[in-house]
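Since the structure comes first, as structure tokens, the remarks are kept for the end.
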Number of protein chains: 2
Amino acid sequence: MLFFTKKCLSALVLTLIWINSLAQQSILVSSPNRSIVVTAQNTPTGEVMYQVRYKGKPVIEPSGLGFVLSKPAVSLTRFTITRVDSSKTDETWKPVWGEVSQIRNHYNELLLALQDKSGSGISLRIRFRVFDDGVGFRYEFPQQPKLTHFVVDDEKTRFKLPADHQTFWMPGDYDSNEYFYNKTKLTEVDAIAAADKEKDIALKSIIGPNAVQTPLLFKTSDGLYVSLYEAALLNYPVMHLQLDKKSLTLTSQLTPDAVGNKAYLQTPSQTPWRTLIISDKATDILASKLILNLNEPSTIADPSWIKPQKFVGMWWEMHIGKANWARAEGKHGANTQNVKKYIDFAAKYGFNGVLVEGWNEGWEDWFGNWKEDVFDFVTPYPDYNIDSLTTYAQQKGVRLIMHHETSGSVTNYERRMDAAFQYMVKEGINTVKTGYVGRIIPRGEHHDSQWMINHYQRVAQKAAQYKIMVDSHESAHPTGLHRTYPNWMTSEAARGSEFNNAPTLGITPEYTTILPFTRMLGGPMDFTPGLFRFKLNQFDSTRTTVVRTTLAKQLALYITLYSPLQMAADLPENYVKHLDAFQFIRDVPVDWDDTKILAAEPADYVMIARKEKGAANWYVGAITDENSRDLPLDLSFLEPGKTYEAILYRDAPTADWATNPEAYVIEKKTVTAKTKLRLHLAKGGGCAVQIVRR
Amino acid sequence: MLFFTKKCLSALVLTLIWINSLAQQSILVSSPNRSIVVTAQNTPTGEVMYQVRYKGKPVIEPSGLGFVLSKPAVSLTRFTITRVDSSKTDETWKPVWGEVSQIRNHYNELLLALQDKSGSGISLRIRFRVFDDGVGFRYEFPQQPKLTHFVVDDEKTRFKLPADHQTFWMPGDYDSNEYFYNKTKLTEVDAIAAADKEKDIALKSIIGPNAVQTPLLFKTSDGLYVSLYEAALLNYPVMHLQLDKKSLTLTSQLTPDAVGNKAYLQTPSQTPWRTLIISDKATDILASKLILNLNEPSTIADPSWIKPQKFVGMWWEMHIGKANWARAEGKHGANTQNVKKYIDFAAKYGFNGVLVEGWNEGWEDWFGNWKEDVFDFVTPYPDYNIDSLTTYAQQKGVRLIMHHETSGSVTNYERRMDAAFQYMVKEGINTVKTGYVGRIIPRGEHHDSQWMINHYQRVAQKAAQYKIMVDSHESAHPTGLHRTYPNWMTSEAARGSEFNNAPTLGITPEYTTILPFTRMLGGPMDFTPGLFRFKLNQFDSTRTTVVRTTLAKQLALYITLYSPLQMAADLPENYVKHLDAFQFIRDVPVDWDDTKILAAEPADYVMIARKEKGAANWYVGAITDENSRDLPLDLSFLEPGKTYEAILYRDAPTADWATNPEAYVIEKKTVTAKTKLRLHLAKGGGCAVQIVRR
């Protein structure tokens, strides 16, 4: 289905124009609803430039594409277009779990076959997929006589912006994605200054003053939202971006390996998708399934063992100084009696899992020394009777969740992974929280380099062999791979709730309203919400850190930050003091049939409604930044003619994250599809609503 | 047992002098027989210098010791000597297998406790052990408050030579030890020019024009032989040497890791031993057990499963073009029928093992591309019926030997090693030949870097868990670790017989007379002798390569190059043509009760007699370089009064490696301890003698 016409925009789904003038070839492909148009152009000197428009407005100005390879040593930046193919796809698929029960994958595709003009004989392809909510494109290297094994020195994908947009950005860093988001004009990016402010990040590998991470969010002066990211990151390093402020151009900055190479590939192969999610409605950005659609279908034939779940665990008490991971330091958290307490609590309140950190030998000397042999993942501390606890948990209908902290020593983890997973199976444990705190071994590799990307995939694959679900911490940013590996349920890969305990920047009230527009576009996050105590001096009177939300907002985060593994992060003793509010955490599902993004503005507010998987009930979460605000909640998404009981967990009128975070009101209302509520959110506040069908 | 005297050499075993003058402290320790004296000196500026004398002659002039650490960033080169301890040891131990049945470990020891003068608070120790045949010293870092984890940036061990000795050297290279030995004055070292000549080494990581490898051999103008090497190389990189020609000083040049660091250590820890084997008799150098004595005792409590053995196998036919490793290339060597032929041959002629290379999937794309996932070590090619062959071999009293070629992708091997060894156990195979051809993954690491040294140790340890014997190829130079890990039987780690097929330098006649003075000092070598066909154009008429020995020399190599795993490397069809000569290979043992180095001169000749383990029979091997020569063989090592039958496998009078290599004579003689023979060795020739007690 390929059309060659002259200066004639056809009304067909897919429109291509090829101007057969002396030099310039121009090929267009539009989204199914024609709101997005991608144009590819072969310049007289052989460059292939692409541009993206949304409803006629430029989103990406003509920008270059290409590569520099170090083996063979060739620059792939000037091409002859040898073939143009196009197609359209409109299909619907069902995720194993998620925010919605089915996803439409609807796009027009353009495939450009390119021949290197430098005489190398190398050919490659660029595949564009244009959706109504954005664009994905990737490079493909088909099997060919002149290219088998090759080494990527540099990817030359450019994103030239039409104006100096408001930008939500994080310093480019090969090892940490736990920075705070900065909100500046693009030309005001100063990654080094931003990174210097962050005193709580232990390991930084800053790229440079003008390097930023993806996902990157722009808001244009005329109200367009654009997210620049990547999808299906496999066998390739994380893409960061280098900014040229003069030309407002971002260029891909791939994470190098130990010797400075970016990727080792073998034909046939392809890059991840470079993605743009585009809309003039902020809510559309959050509703987009473009990233997931650009990932391959699930590799797990029978996913019946993969179960979304909620868990409690030994974690926050370590952060706030009640307990320690290491046994030798005293106050060892993972002792049999304490774990029993958590099992009892989980059983009593209906949680599936109990996460136990600090359970295994090695924590006395685990961090900061690039030490290779730290943990063996199979040796519990002597005061942690895992066998008896496994039995005890089973009797109570609860499962332990295993913690595999690698301390960044991934060679060590890889050589022990089979034994570690076998040990989990033996202990009846089917969920693992992995951790990568510290500098990576193989030394010289980064959390974001190709070798590590392959590692995370290996973990997902090997865990699946053992029917183990994975929650990865300190891993690279997620790019929708939970479609392909649905047992890789969630990851941290951003500043999580633990930073509430960090002394310098902490977690600002606005931060969680930015996350859905950035990090969350790639996949679920184990943010660990649910803190019910806001001054963190409970066990250490010298601590001045506070959680900068209200209690009601903590509840709302269970809706606004999706994860199929959700933790109730606070201490049992803190929940017991607020059992009425805790009821929401007990009730809130972790798997959904439908999701409606009701209102959203980055750095201001987010309101989302979700329909419980296999049930008629809905849940709404609304959060705000440091400003108090009222959000209208139109319940027209409810089934018409039916009656529901809504339980509102809302900020009390006097609530304020800074002065009165624990002031909440629980209110019941009878509602229907015609009901219109107004949710009042305190400063740093939120509202969680459970809407149960009568 | 510490003596402080003033300018007074006591007649005691151990003599120390401490001159309590204003500045200079001087401490002496001598060898048990007093021929070797080591002096350590604390200079006024705080340096600790050591010097070594042999029979009064300087071997090492005063030379510095010390370190530069990068973490903590401190230079450890100026010290206060805080304690001096000494002791002596005289013990005898029995190796699991080897050249002799028991080894005397007899030395005087000096321990200097040093305090860093720079104010870091760091202390370390230097331990000298002085034997009658040489010196070993190492650095030790005790557990201490000011030093826990540390990173070695540089070791500053110096070896200042008193004169511009004749030197046998190889270019310093972090990845290959398969160079030819060069013989020049020390000041004539040109490592880059030497390396450039070597066209047959696929992977070079040359250090610089003045960098050479250890073991390094010197011959002084007054007839002293000195080998400079290291022992017990564990958790530390290989030491190469940087030469300063002006000062005739060699300085340790440790192999860097991917980020340029040399070693990551944690107290308590120590370096390998820096060793000097010294004698005015060349034969003493070869007889030295200093390297073994400086290694720790065996870690294997029950070594009954460790069995020296001889094997045949599918290897040479691949090198010379009869067969291929890869199946897709045709002529696949490791097919069931061909392996059966080797099993039949082994069974018929009394060999224990059959090595099968190219047995597993992956050889179609295994080399040269830094590819990580190459082999899985458990998937045989479909034409190789390993199950049936295992059974067949068992019926015939033979075992297959497994080949694990890692292609340098060690991360891949490590994550599969358990499964690979389990597979071997399942197949009843208890010997593995490992291979590390190619650039190492983790990328940036070298064959000689600390990470790889740790890997080789892990292989030895894990193999022992599975009762598997190891023959490692392309591993780092051996340093006597076969004492500690006696299942790590042998290694290549030098230019082996396969280079006979290399088109440029090949293997010169003198090369095998240098090996015992260099590479073999560290441990057994899987040189794979036993070639019976000398023109290698058998399967490829265009080949011009030849084996530059006579047939008799090939037999003698079984004696002069010790290995507890010895291959009969040639094709069965070549052996069948010379069954009379082949009888020697069938008969020669691989484990010995005693060894006598009868005559030796590096680059000229070697003659060694060995007594069969648990038997009264002796075997003699004599080899020469490109010159014909006669060597007197005095059989006084035989038991007096007993009669023996000697079978001499000798060069025929007309033999010559270049013109008539296959001309040999087999001659029987009745001999006693009083017999004096004269062995005639042709150019490139040798003589093998079996002496059987009547």
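The values are calculated or read from the model by the stated rules, or taken from the named source; none is laboratory data. What you are looking at is a predicted structure, and each value in this text was computed from that prediction instead of being measured. When we count neighbours, we look across all protein chains shown, and the Cβ atoms used for this are built from the backbone with ideal geometry, even at glycine.
Restricting the first residue to region A:366-386 and requiring it to be within 20 Å of residue A:415 (Cβ to Cβ) and within 14 Å of another protein chain (Cβ to nearest Cβ), which pairs with a second residue that is assigned to a loop (DSSP other than H, G, I, E, B) and among the basic types (Lys, Arg) meet a Cβ separation below 8 Å and a spacing of at least six or different chains?
A:370/A:439; A:370/A:443
Look at residue B:490 and say whether it is more than 21 Å from residue B:295 (Cα to Cα), away from chain A (no Cβ under 14 Å), of a type in the set (Ser, Thr, Tyr) and crowded, with 24+ Cβ neighbours inside 10 Å.
no
Answer yes or no: is there a residue in region A:339-350 that is within 30 Å of residue B:151 (Cα to Cα), at pLDDT 95 or above, of a type outside the set (A, V, I, L, M, F, W, C) and over 29 Å from the mean Cα position of the chain (by Cα).
Step one: of region A:339-350, the residues within 30 Å of residue B:151 (Cα to Cα) are none.
Within region A:339-350, none of the residues are within 30 Å of residue B:151 (Cα to Cα), at pLDDT 95 or above, of a type outside the set (A, V, I, L, M, F, W, C) and over 29 Å from the mean Cα position of the chain (by Cα).
Looking at (1) at negative phi; (2) surrounded by fewer than 24 Cβ atoms within 10 Å (Cβ to Cβ), which is the one condition that is false for residue A:467?
(1)
Residues A:479, A:484: which one is β-branched (Val, Ile, Thr) and either surrounded by 22 or more Cβ atoms within 10 Å (Cβ to Cβ) or within 14 Å of chain B (Cβ to nearest Cβ) (or both)? If you could, list the steps in order and put the result at the bottom.
Values: A:484 fails: either surrounded by 22 or more Cβ atoms within 10 Å (Cβ to Cβ) or within 14 Å of chain B (Cβ to nearest Cβ) (or both).
Criteria check complete, one pass: A:479.
One line per residue, one yes/no per condition, for (1) within 30 Å of residue B:216 (Cα to Cα); (2) not in a strand (DSSP E or B):
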residue	(1), (2)
B:570	no, yes
B:589	yes, yes
B:594	yes, no
B:610	yes, no
B:615	no, yes
B:650	no, no
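Please find, within region B:302-331, the residue that is surrounded by the fewest Cβ atoms within 10 Å (Cβ to Cβ) out of those that are out of contact with any strand residue (DSSP E or B) (no Cβ under 6 Å at 6 or more places or on another chain) and basic (Lys, Arg).
Step by step, filter region B:302-331, then rank; the result is B:322.
Which of the residues spanning region A:90-105 are touching a residue at least 12 places away in the same chain (Cβ under 8 Å), farther than 14 Å from residue A:287 by Cβ and surrounded by fewer than 16 Cβ atoms within 10 Å (Cβ to Cβ)?
Within region A:90-105, A:90, A:91, A:92, A:93 qualify.
State which residue is farthest from the other protein chains (Cβ to nearest Cβ) when the search covers only region A:428-442 and only residues that are crowded, with 20+ Cβ neighbours inside 10 Å, part of a loop (DSSP other than H, G, I, E, B) and touching an Asp or Glu at 6+ places or on another chain (Cβ under 9 Å).
Only one residue tops the list, namely A:436.
With respect to residue A:340, is the statement that it is of a type in the set (Lys, Arg) and touching a residue at least 24 places away in the same chain (Cβ under 8 Å) true?
Details: of a type in the set (Lys, Arg): yes; touching a residue at least 24 places away in the same chain (Cβ under 8 Å): yes.
Against the criterion (of a type in the set (Lys, Arg) and touching a residue at least 24 places away in the same chain (Cβ under 8 Å)), residue A:340 qualifies.
Say whether the condition of being buried (at least 19 other Cβ atoms within 10 Å of the Cβ), more than 23 Å from residue B:525 (Cβ to Cβ) and more than 14 Å from every other protein chain (Cβ to nearest Cβ) is met by at least one residue in region B:168-185.
No: region B:168-185 contains no residue that is buried (at least 19 other Cβ atoms within 10 Å of the Cβ), more than 23 Å from residue B:525 (Cβ to Cβ) and more than 14 Å from every other protein chain (Cβ to nearest Cβ).
For region B:93-190, list the strands (runs of 3 or more DSSP E) that sit wholly inside it and hold at least 3 residues that are more than 26 Å from residue B:450 (Cα to Cα) and modelled with pLDDT of 95 or more; which are they?
Qualifying strands (runs of 3 or more DSSP E): B:103-116, B:182-185.
Among residues belonging to region B:652-694 that are β-branched (Val, Ile, Thr) and assigned to a strand (DSSP E or B), point out the one that is nearest to residue B:549 (Cα to Cα). Can you show your working first?
So in region B:652-694, the residues β-branched (Val, Ile, Thr) come out as B:654, B:659, B:665-666, B:670-672, B:675, B:689, B:691-692.
Within this subset, residues satisfying the condition of being assigned to a strand (DSSP E or B) are B:665-666, B:670-671, B:689, B:691-692.
Numbers: B:665: 15, B:666: 17, B:670: 28, B:671: 28, B:689: 17, B:691: 23, B:692: 26 Å.
If we take residues in region B:652-694 being β-branched (Val, Ile, Thr) and assigned to a strand (DSSP E or B), then B:665 is nearest to residue B:549 (Cα to Cα).
Hey, among the residues in region A:333-365 that are closer than 30 Å to residue B:236 by Cβ and away from every other protein chain (no Cβ under 14 Å), which one's surrounded by the fewest Cβ atoms within 10 Å (Cβ to Cβ)?
A:361
Considering each of B:334, B:328, B:301 in turn, give the residue that is at pLDDT below 95 and of a type in the set (Gly, Ala, Ser).
B:328
Conditions: (1) surrounded by 24 or more Cβ atoms within 10 Å (Cβ to Cβ); (2) over 26 Å from the mean Cα position of the chain (by Cα); (3) of a type in the set (Gly, Ala, Ser). Residue A:581 meets all but one. Number of the miss?
(1)
For region A:378-397, enumerate the residues that are assigned to a loop (DSSP other than H, G, I, E, B) and either basic (Lys, Arg) or in contact with a Phe, Trp or Tyr (Cβ under 7 Å, 6 or more places away or on another chain) (or both).
Residues satisfying the conditions are A:378, A:381, A:384, A:396.
Can you name every residue in region A:399-427 that is more than 14 Å from chain B (Cβ to nearest Cβ), buried (at least 24 other Cβ atoms within 10 Å of the Cβ) and touching a helix residue (DSSP H, G or I) at 6+ places or on another chain (Cβ under 9 Å)?
Correct list: A:400, A:402, A:405.
So, of the residues in region A:443-466 that are in a loop (DSSP other than H, G, I, E, B) and out of contact with any helix residue (DSSP H, G or I) (no Cβ under 6 Å at 6 or more places or on another chain), which turns out to be nearest to the other protein chains (Cβ to nearest Cβ)?
Taking region A:443-466 and keeping what is in a loop (DSSP other than H, G, I, E, B), we get A:443-449, A:466.
In the following step, the residues that additionally are out of contact with any helix residue (DSSP H, G or I) (no Cβ under 6 Å at 6 or more places or on another chain) were identified as A:443-444, A:446-449.
On the way: A:443: 5, A:444: 4, A:446: 11, A:447: 15, A:448: 15, A:449: 10 Å.
Filtering region A:443-466 for residues that are in a loop (DSSP other than H, G, I, E, B) and out of contact with any helix residue (DSSP H, G or I) (no Cβ under 6 Å at 6 or more places or on another chain), the one nearest to the other protein chains (Cβ to nearest Cβ) comes out as A:444.
Among the listed residues A:495, A:519, which satisfies the condition of being modelled with pLDDT of 95 or more, of a type in the set (Lys, Arg) and out of contact with any strand residue (DSSP E or B) (no Cβ under 7 Å at 6 or more places or on another chain)?
Every option except A:495 fails the conditions.
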